[in-house]
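Right, one structure below, let's go through it.
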Amino acid sequence: QVRLVESGGGSVQTGGSMRLSCAISGLSYHSFCLGWFRQAPGKGREGVASIDVDGDTSLDDSVKGSFTISSDSEKKNLYLKMNNLKPEDTAMYYCAAKFNCWVRPRQPTPWGAYHPNLWGQGTQVTVSS
């Protein structure tokens, strides 16, 4: 019944920008985090950013200053705004949900260390030099 559906991926040149979206339906937990992971060819999973039900956000150090995560108040849509894209940002991007999760006042673990309960199908982002 729960669905996470990404969209907005594609190809862009170095220095360009892109916004990914994730439509969420069926979540009924009081406390959860939504966020983004990415995986490049031959590389492991990397946590990108997360947001909790209060709107508090966390960003991986690798994307601070370039990426912004946001959502609507009902957490039915999740977004990742990516600016100043670089070839190393090329990856499959997945949205995900983790139950019993929060960012503030203190995030128990980094987003990248979580094993989310729900995953989207992924959307490819390719940045050319």
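Looking only at segment 1-18, filter to residues that are within 16 Å of Pro87 (Cβ to Cβ) and in a strand (DSSP E or B); which one of those is farthest from the chain's Cα centre (by Cα)?
Selected residue: Gln13.
Restricting to segment 19-56, count the residues that are surrounded by 19 or more Cβ atoms within 10 Å (Cβ to Cβ) and either of a type in the set (Phe, Trp, Tyr) or within 20 Å of Leu85 (Cα to Cα) (or both).
Qualifying residue count for the region: 11.
Please tell me if Ser66 is at pLDDT 95 or above and among the polar types (S, T, N, Q).
Yes; evaluated as a whole, the condition is true for this residue.
Scan segment 27-81 for residues that are charged (D, E, K, R) and part of a strand (DSSP E or B) and jot them down.
Arg38, Glu46, Asp52, Lys81
Restricting the first residue to segment 11-40 and requiring it to be within 22 Å of Cys101 (Cα to Cα) and polar (S, T, N, Q), which pairs with a second residue that is outside any strand (DSSP E or B) and open to solvent by less than 50 Å² (accessible area, probe 1.4 Å) meet a Cβ separation below 6 Å and a spacing of at least six or different chains?
Note: pairs meeting the criteria are Ser21/Gly8.
Being open to solvent by 50 Å² or more (accessible area, probe 1.4 Å) and of a type in the set (A, V, I, L, M, F, W, C) is the filter here; which residues of segment 77-129 pass it?
Result: Met92, Trp102, Ala113, Trp119.
May I ask you to list pairs of residues, at least six apart or on different chains, whose Cβ atoms are under 6 Å apart, with the first in segment 98-109 being touching a residue at least 60 places away in the same chain (Cβ under 8 Å) and the second being buried (at least 17 other Cβ atoms within 10 Å of the Cβ) and in a loop (DSSP other than H, G, I, E, B)?
Lys98/Tyr114; Lys98/Pro116
The values are calculated or read from the model by the stated rules, or taken from the named source; none is laboratory data. All values reported here derive from a predicted model rather than from experimental measurement. As a convention, Cβ positions derive from the backbone with ideal geometry for all residues, glycine included, and neighbour counts pool all protein chains shown. Quick note on the areas: whole protein, heavy atoms, side chains included, nothing else; ligands and nucleic acids left out. Shrake-Rupley method; radii C 1.70, N 1.55, O 1.52, S 1.80 Å.
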